[in-house]
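One structure is given here, and the rest of the page talks about it.
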């Protein structure tokens, strides 16, 4: 007790008696981001025409607002809906529990626990906590140890006479609806929503009697997450894992592990069989290129070290550019809706393993025209597709693969007009002033100039005939 007294004394000194709840003064405050005491210098409490209760406070141009859907003692979730939410604004930045966090960040529900309503003095007392995110979910503010103490009603109507058994039953129905809509993969949400339902049921007992309600509460088993739900979650997670593709494998694997852990927690694992399955899973992506280790075992022999697509002595699972084409593996994936990587030329080899991504006969690594090491900024024809993904680099209608006129597999030495620009990058191959695209180089539009027009029948098609 002495230690507690010392801590309270120090805090009282540090904050100059900012926490005045001991002296029965109204307080609206909380610990922001772990170490800063935010305390409202002014506040308002309102009840709107629909019965929603809002607490609003401001301190040094920093505004906090918490809204719950109706006036009642009990716990209210603060989340990404209009039912119950919190917002915080500070110096032009806005945060809200309605905003979801960025991908990969777990969403943590907040809570307002309205502990007491004094219908005589029309004041409210309770606690709160929440995380609120900015619009794109990349930044957050956190409030803990939030305190609402005897805040008086500023506007709206609060009447103890209006609250009766019917109102209690309505609150129970609302809590039940929320509970029944709970995401059954989320054990924390289940337990929280169940607890809110129990609170509503207990409140209903106070106003309506206990007929049948006690049995309902007992049937909820203390709001413990049911084992059969955990087992169902594992079945679904395993199915997603078994059918995972490169693009969604890591998330599916991570989820599978999480639900196996959930099953162990709520169902037990006496013989260790579940733990054995969990320990055998490998969700790792050791080179961080977006391709899990298990998909870098190209030959399927379970030995990651002997898979080296580009022969650079770095196994693919440790290589950030698996095909050594100058484009990082992570930048070549571009997953489709099913999580499959891109295969630009449709040759059955994903770009991240293909040394000629567009299949135009020019290796991807050789399509860095300006030589700056960045293949993404080489777009000769300005069509928005970089050369290494473009099967017609100069946009002249003749596919690049058909511009190796001497068939020596060297596209750089084919320069019909000797202007130092090889044909595959030259929009006017014969330098006659008429762009190749306008010389009927490919009337049927298949990219192959075997049907090119030869007006003078001299054996040289117009697009190559000056």
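Bear in mind these aren't lab numbers, they're just calculated from the coordinates by the rules spelled out. Keep in mind the model is a prediction, meaning the values are calculated, not measured. All Cβ positions, glycine included, derive from the backbone under ideal geometry; neighbour counts span all protein chains shown.
Per residue, the convex hull spanned by the alpha carbons of the range 146-287 comes to 198 Å³. Highest mean packing comes first when the peptides 196-205, 27-36 are listed by Cβ atoms within 10 Å, giving 196-205, 27-36.
Note on residue 412/residue 102: beta-carbon distance plugged into 1/(1 + (r/R0)^6) with R0 of 41 Å gives a FRET efficiency of 0.35.
Take the Cα radius of gyration of the range 399-452 and divide it by 2.2 N^0.38 Å, N being the number of residues; the result is 1.07. Over all projection directions, the Cα-based convex hull of the range 227-280 averages an area of 3.4 nm².
Between residue 221 and residue 320, the modelled label-to-label distance comes to 4.9 nm, taking each label 7 Å out from Cα in the direction of the beta carbon. Cα extents for the range 164-223 along the principal axes, largest to smallest and rounded to whole angstrom: 35, 20, 12. With the simple spin-label model, which puts each label point 7 Å out from Cα in the Cβ direction, the residue 50 to residue 239 separation comes to 3.6 nm. Here r is the Cβ-Cβ distance between residue 41 and residue 180 and R0 is 51 Å; the resulting FRET efficiency, rounded to 0.05, is 0.75. With each label point set 7 Å from Cα along the Cα-Cβ vector, what nm distance links residue 335 and residue 120? For residue 335 paired with residue 120, the spin-label model returns 6.2 nm. Over the chain, dividing the summed -39,500 (n - 2.57) contributions of all DSSP H runs of at least 4 residues by the number of residues returns a 222 nm mean residue ellipticity of -7000 deg cm²/dmol. How far, in nm, would the chain grow between residue 254 and residue 312 when pulled straight, counting 0.36 nm per residue and subtracting the alpha carbon separation? Between residue 254 and residue 312, full extension yields an extra 17.8 nm.
Would you mind estimating how fast the range 329-401 diffuses translationally, via Stokes-Einstein at 37 °C and 0.692 mPa s with the Kirkwood radius over Cα pairs, in µm²/s? Approximately 263 µm²/s, per Stokes-Einstein.
For the range 271-424, the spread of Cα coordinates along the three principal axes comes to 78, 32, 27 Å, biggest extent given first.
Calculated on C-alpha atoms, the gyration radius of the chain divided by its Kirkwood radius gives an Rg/Rh of 1.18. Between residue 73 and residue 231, the FRET efficiency estimated from the beta carbon spacing at R0 = 35 angstrom works out to 0.45. Based on C-alpha pairs under 8 angstrom that are at least 6 apart in sequence, the range 280-428 has a relative contact order of 12 percent. Tell me the relative contact order for the chain as a rounded percent, counting alpha carbon contacts under 8 Å between residues six or more apart. After rounding, I find 6 percent.
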